[in-house]
Structure formats: C-alpha cells, structure tokens
Amino acid sequence: MSAVLELGEVAIRFGGVQAVGGVTCSVEGGDFVGLIGPNGAGKTTLIRMIAGLLRPDRGRIALGGVEITAEPTAARVRRGLALTHQIVRPFREMTVLDNVVLGAGLTHTSNPLRALLHINRRHESERAAQILASVGLAGTERKLAGALPLGQLKRLELARALAVDPKIVLLDEPLAGLNHTEASKQAETISEVHRRGITVVLVEHNLEEVMRVCRRLIVLNNGVVIGDGEPRVVMADPAVHDAYVGGGIVSHADA
C-alpha cells in the first residue's frame, strides 16, 4: 500500500492560540481512519488545511505523493480529494439529482470552454442517479434539496462528495444531529463507500459508531497527535482516556 495522504509537521496558529501544533501522519490507500479528539482538539482545522480551505503556517501536505501545500482546493479535488461539511449546504432550490450532477460534471465545468461545448448531460445524470441510489436516496432525484430532512441531507452531502470520483474522502461529523437509528444507517453507508475502494477519514464525536466502523484511530488533543493505531488499543491508552475525561477539553472553538 502507498500513502494517499501525507502530513509533515503541519501547524497553524490563530492569534495566540496554537490550533494545530505540528501533526505528522499518513493515510494509506484503502484505509478507514477515525480522526477523533475532545472539543477544541483541532480536528476540523486540520481537515480544512488538508482540503485547502486554510493555509498552514508551516509543514507539508502531500496527496498521492505530490505536494499540495500551496495548491487551491479545486486543484486538490481534481487530484482525488473530497470533503463533506458538518453543516450541509446543498443548492436548496435545485433538485437532488442536479446537486449531484454538478459534481459528476467536474471534468467539464472546471474548464469554461469545455463547459460551453458540453451540452448533453445524460451521462452525468445517469451517474448521479447511480450515486444517489448507492447512498440510499433512490426516489428523491426530482425533489428539491431544501425539502429533504436532515438524515437525507447528510446522505446528499456524501453523494455530492462521491460525484467527483475521489480517491480519499474527508467526512466532517457526518453523523452530527442524527438519531441513533439514522446514525447507524449513515455509518453503514460510509462503510459501504469504503468497501468500494475509497479511502475514508472520518471526523466524528459518535464514538460508538467510530469504534464499530473504523479500522484505525488518530487522536488529537490540543492540536497534537496523542494516539494512532488500532481502535481498541488506542482507546485503552491512558493519555487518550485522560483527554476525554480528565480535563483534555480546551477553550478555543473548534470541533
């Protein structure tokens, strides 16, 4: 296996707060990683740097062996990176299908001339419908995205990420706000995505589901890695236990 994602001493500071303090790790192709930690640990900040939404103060980020530290988000997406957000933001006045078609047509829409010449969307529509069915949204294609309940919106967010044909997907709290049944079904859907060969990094506070589906845990606290390995071994580490129940929660706002 070769590393799909590599981080070397990645760090960022906001004012006087060291949000991420030098993270070094790698994610192998086919891995299913749970990125966890107490509130304020730096998880969301870290994946936003990986996605190009934030620029690290120092360190190196590589995707598929190519350094992308200075690349914009769009270039990272073209290299095979996808990100879902904790707060879902679909195009609410568009249909569910069209939300996914936009992603499925990335190779055309990323180039203005190619977009003008590409009139027939049949292939993208068919692929979008297949993706929707794969995440449990068959039958919703013609509904407006804004009419979907939260559980289905979370699935739509995943479908939109899959539409860009990613090698690795970063999922920022895809179970947040869901009840126990919805969370379990969503976790199963994510597991199925992983079984289809897509590398997954899952940021999530629902430890029950994380422990059930993830093969590996990386634990952050105060912006640094304090645990990395097989889930049950990592959760048995006293340092990880203390981070959750022994005062490891810090004050600055970050998931």
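The values are calculated or read from the model by the stated rules, or taken from the named source; none is laboratory data. These figures come from a predicted structure and were not determined experimentally. When we count neighbours, we look across all protein chains shown, and the Cβ atoms used for this are built from the backbone with ideal geometry, even at glycine.
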Does L132 satisfy being surrounded by 22 or more Cβ atoms within 10 Å (Cβ to Cβ) and part of a strand (DSSP E or B)? no
Of the numbered conditions (1) out of contact with any strand residue (DSSP E or B) (no Cβ under 8 Å at 6 or more places or on another chain); (2) surrounded by fewer than 19 Cβ atoms within 10 Å (Cβ to Cβ); (3) closer than 21 Å to E126 by Cα; (4) not basic (K, R), G103 satisfies every one except a single condition; which is it? (2)
So which residues in segment 140-170 are over 18 Å from T181 (Cα atoms) and without any contact (Cβ under 8 Å) to a residue 40 or more places away in the chain? A147
Take the residues in segment 61-85 that are in contact with a strand residue (DSSP E or B) (Cβ under 9 Å, 6 or more places away or on another chain) and part of a strand (DSSP E or B), then tell me which one is nearest to V4 (Cα to Cα). L63
Every pair of residues 6+ apart whose Cβ atoms lie under 6 Å, when the first sits in segment 67-83 and is in contact (Cβ under 8 Å) with a residue 60 or more places away in the chain while the second is in a helix (DSSP H, G or I) and surrounded by 14 or more Cβ atoms within 10 Å (Cβ to Cβ): A82/A161; L83/A51
Residue count, segment 207-239 (criterion: of a type in the set (A, V, I, L, M, F, W, C) and within 18 Å of the chain's Cα centre (by Cα)): 9
Checking A176, A183, A138, A145 in turn, the sole residue that is of a type in the set (A, V, I, L, M) and touching a Phe, Trp or Tyr at 6+ places or on another chain (Cβ under 9 Å) turns out to be A145
Condition first: on the phi < 0 side of the Ramachandran plot and in a loop (DSSP other than H, G, I, E, B). Can you find one or more residues in segment 152-161 that meet it? no
For segment 207-224: of the residues being in a loop (DSSP other than H, G, I, E, B) and surrounded by fewer than 21 Cβ atoms within 10 Å (Cβ to Cβ), which is modelled with the highest pLDDT? R215
Taking segment 20-50 and keeping residues surrounded by fewer than 19 Cβ atoms within 10 Å (Cβ to Cβ), among the small types (G, A, S) and touching a residue at least 24 places away in the same chain (Cβ under 8 Å) leaves G21, G22, G29, G30
Within segment 135-151, the residues that are part of a loop (DSSP other than H, G, I, E, B), in contact with a Ser or Thr (Cβ under 8 Å, 6 or more places away or on another chain) and of a type in the set (G, A, S) are G136
Which condition number in (1) modelled with pLDDT under 95; (2) over 15 Å from the mean Cα position of the chain (by Cα) is the one that H85 fails? (2)
Identity of the residue in segment 51-75, touching a helix residue (DSSP H, G or I) at 6+ places or on another chain (Cβ under 8 Å) and of a type in the set (A, V, I, L, M), that ends up surrounded by the fewest Cβ atoms within 10 Å (Cβ to Cβ): L53
